[in-house]
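To start, the structure itself, in structure tokens.
The values are calculated or read from the model by the stated rules, or taken from the named source; none is laboratory data. Here the structure is a predicted model, which is why all the values come from computation and not from measurement. Virtual Cβ from ideal backbone geometry, glycine too; neighbours counted across all protein chains shown. What goes into the accessible areas is simple: the full protein's heavy atoms, side chains included, and nothing from ligands, DNA or RNA. Shrake-Rupley method; radii C 1.70, N 1.55, O 1.52, S 1.80 Å.
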Amino acid sequence: MAHSGIDVLTAGSNFSRLLGGLWVTVKIALIAILIGTIVGILLGILRTLPNRPLRFILRLYLEFFRIVPTVVLLFLFYYILPKQFNVNLPAETVATLVFALWVASEMSDIVRGALESVPQHQKEAGQAIGLSYWQLQRYVLIPQAWPLGLPATVNLMTRVVKTTSLLMLISVMDVINIGQQIIEANNKTAPNGVFWIYGIIFMFYFIINYPLSRWDKHLNKRRLEANH
Amino acid sequence: MRKLGLKRLLTTVGVLAILIGALAGCGSSKASSSHTTNQNSVAKIKKRGTLRVAVFGDLPPYGWVNKSGQRVGYDVTLARRVAKDLGVKIKFVQVNANNRVDALNANKVDIVLANFTVTSERKQVVAFAKAYMKVSVGVVSPKDAKITKVSQLKGQNLIVTKGTTAENYFTSQQTSANLLKFDSKTQQFNALKNKRGVALADDNSYLYAWVKNNPKYTVGIKGIGPKQYISPAVKKGNTSLLNWTNQEITKLTKAGFFKTDYQQQLAPYFGKEVKASDIIINH
């Protein structure tokens, strides 16, 4: 099997370079999810307030990040905004920022939906025993909204990990970008290398996303059981 | 999800449109003013201590990454030399063909050394320095049915890839051949191997590299049509770096740098058919 192209994976430092690229991918996804989730929860709570202008602005924010494709957002933040405002952030920072903003906007909707799904009588019961607004959130609404919003959150996480494959567009050396370097460097001598490189990248994404998917399934099952 | 009333939907769309308009508006007004402040002059680069160069990471033998993870290639060697002569460290920014212009204009890099062909459209958005390489359209054919003159192509099938200089040339200037157009390099070379045409036209530098691995074929016509030049590009208005780069190219040409660069980086890919003088330039 000398010509199967699998040796492209092991030649030189190729494999450790791929792992390095994977680390960049995971790091950006993790930080973005972390920041995005925290900001998103706060925005989600704010969106349940009766203040109309505030809700309108947050709604606009959500729709902007939901409607505009991530590729366009990355391009906008990396190439276009720096030109106007003279801020020049490194590519990885821009990537983390864009993903965090995206996660925050999607999270705000998940959190809002979850909070509003908590039965009205729970809220009224809380108010009846004299809980303040934040006490009501802390002890009544969030604990019950949490299991409602979690499956959608896990789903969002897997989407974030997958979408990092767009980062090569703004010169981030993520796992896909490194993979393409290796493919092109070996294209002449090992045309089948492409199969192995994309194969291993598939495995990488699978290893990250499959546990999340399993967790999601588990959460759904537990929620169904709790309801019966 | 709550139902959006038509009125609210319209308001949302309206506000979004205003936002985008405002963004675009300030884009056009500020783009001109940014030319006045040159953040990438030679003095600024020296003060910063690093030269940021846009290179390809996936185009052997011009700019690619070898198996030990090092950036190598004809363009990359030039980039390292330029940084050395400036007396600064080098920082590579990997770009695609599509974002070479944006990388310059958004100030992500100081100079582009990524097989950047000079065209009149590109001249309007970036500043090209002196060329360091030339390419033109070549025609490859099987060795046993060699095509050496354009007249041999009359009425025959000629294979090209859509959007290339070769397609453009044979559509507008040499219309005697029947063109078979394909979408990718892989497709066009397969078509030639399957004898769907008598010859194939493309940038000669690609063809040289291809015949090296396909010894049954030869580049019978090495160069026809207008010559195209590959140049370093800097941001428009950056005269300081542009002048410096022009002098540097002249100096390096005199010192025989490109000849060595050619021998080390390109010759192993191009095979014996090609001479350094087919590719490099004597200013």
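Observations
- On the principal axes of its alpha-carbon atoms, segment B:135-228 has extents of 31, 27, 25 Å, going from largest to smallest.
- Three-way shape call for the protein assembly as shown based on the alpha-carbon gyration tensor, with the a/c threshold at 1.5: prolate
- Exposure check, 1.4 Å probe, all protein chains in place: A:MET157 carries approximately 40 Å² of accessible surface.
- Peptide B:63-71 has a mean shielding of 6, counted as Cβ atoms of other protein chains within 10 Å of each residue's Cβ.
- Under Karplus coefficients 6.51, -1.76 and 1.60, residue-wise ³J(HN,Hα) of segment B:48-53 in Hz, glycine/proline x: 5, x, 9, 9, 9, 10
- Within the protein assembly as shown, DSSP assigns beta bridges of which about 60% are antiparallel (rounded to the nearest 5).
- Across segment B:135-228, Cα pairs under 8 Å and at least six residues apart give a relative contact order of 50 percent.
- Over chain B, DSSP H runs of length four or greater, each weighted -39,500 (n - 2.57), average out per residue to a 222 nm ellipticity of -11500 deg cm²/dmol.
- By the helix-only formula, in which each DSSP H run with n ≥ 4 contributes -39500 (n - 2.57) and the sum is divided by residues, chain A has a 222 nm mean residue ellipticity of -25000 deg cm²/dmol.
- If only the Cβ of Lys and Arg carry +1 and only the Cβ of Asp and Glu carry -1, the dipole of the protein assembly as shown around its Cα centre is close to 660 debye.
- Taking a Cβ cut-off of under 14 Å around A:TYR210, the surrounding Lys, Arg, Asp and Glu residues balance to a net charge of +2, with basic ones at +1 and acidic ones at -1.
- Shape of segment A:1-59, Cα gyration tensor, a/c cut at 1.5: prolate
- B:LYS89 sits with roughly 150 Å² accessible to a 1.4 Å probe, with DNA, RNA and ligands left out of the calculation.
- Top positive-direction residue, dipole computed over segment B:225-270 with Cβ charges, set B:THR253, B:PRO226, B:GLN265: B:PRO226
- Neighbours of B:PHE56 by Cβ distance under 13 Å: Lys/Arg scored +1, Asp/Glu scored -1, total -1.
- The calculated FRET efficiency for the pair A:LYS27 and B:ASN246, based on their C-beta separation and a Förster distance of 45 Å, comes to about 0.65.
- A cut-off under 13 angstrom between Cβ atoms defines the neighbours of A:LEU58, and their net charge, with Lys, Arg +1 and Asp, Glu -1, is +3.
- Beta-bridge orientation, segment B:29-138: approximately 35 percent antiparallel, per DSSP, counting only bridges with both partners inside.
- Averaging the sequence gap over all C-alpha pairs within less than 8 Å and six or more residues apart, then dividing by the number of residues, gives chain A a relative contact order of 32 percent.
- Over chain A, accessible surface divided per residue gives 52 Å², non-protein components excluded, 1.4 Å probe.
- Residue-averaged beta-carbon neighbours from other chains (10 angstrom radius) around A:158-164: 0
- Summary value for segment A:122-228: 31 percent relative contact order, contacts being C-alpha pairs under 8 angstrom separated by 6+ residues.
- Enclosed volume per residue, in Å³, of the convex hull spanned by Cα atoms of chain B: 210
- Of the beta bridges in chain B, as assigned by DSSP with both residues counted there, near 60 percent are antiparallel.
- Pairs from B:LYS130/B:LYS216; B:LYS108/B:LYS275; B:LYS149/B:LYS275; B:LYS143/B:LYS275 whose Cα-Cα separation, in the structure shown, is over 26 Å: B:LYS130/B:LYS216; B:LYS108/B:LYS275
- By accessible area with a 1.4 Å probe, ligands and nucleic acids excluded, highest first: order of A:ARG55, B:ARG71: A:ARG55, B:ARG71
- Estimated buried accessible area (total), pair B and A, 1.4 Å, Å² to nearest 100: 3000
- Distant-in-sequence amide contacts of B:GLY69, defined by a placed amide H-H separation under 5 Å and a gap of 5 or more residues or a different chain, comprise A:SER13.
- Cα centroid of segment A:136-180 to Cα centroid of segment B:142-201, whole Å: 49
- B:VAL150 contributes an accessible area of around 30 Å² to the protein surface, as traced by a 1.4 Å probe with all chains present.
- Amide H contacts under 5 Å for B:THR161, placed H, 5+ residues apart: B:GLU167, B:PHE182
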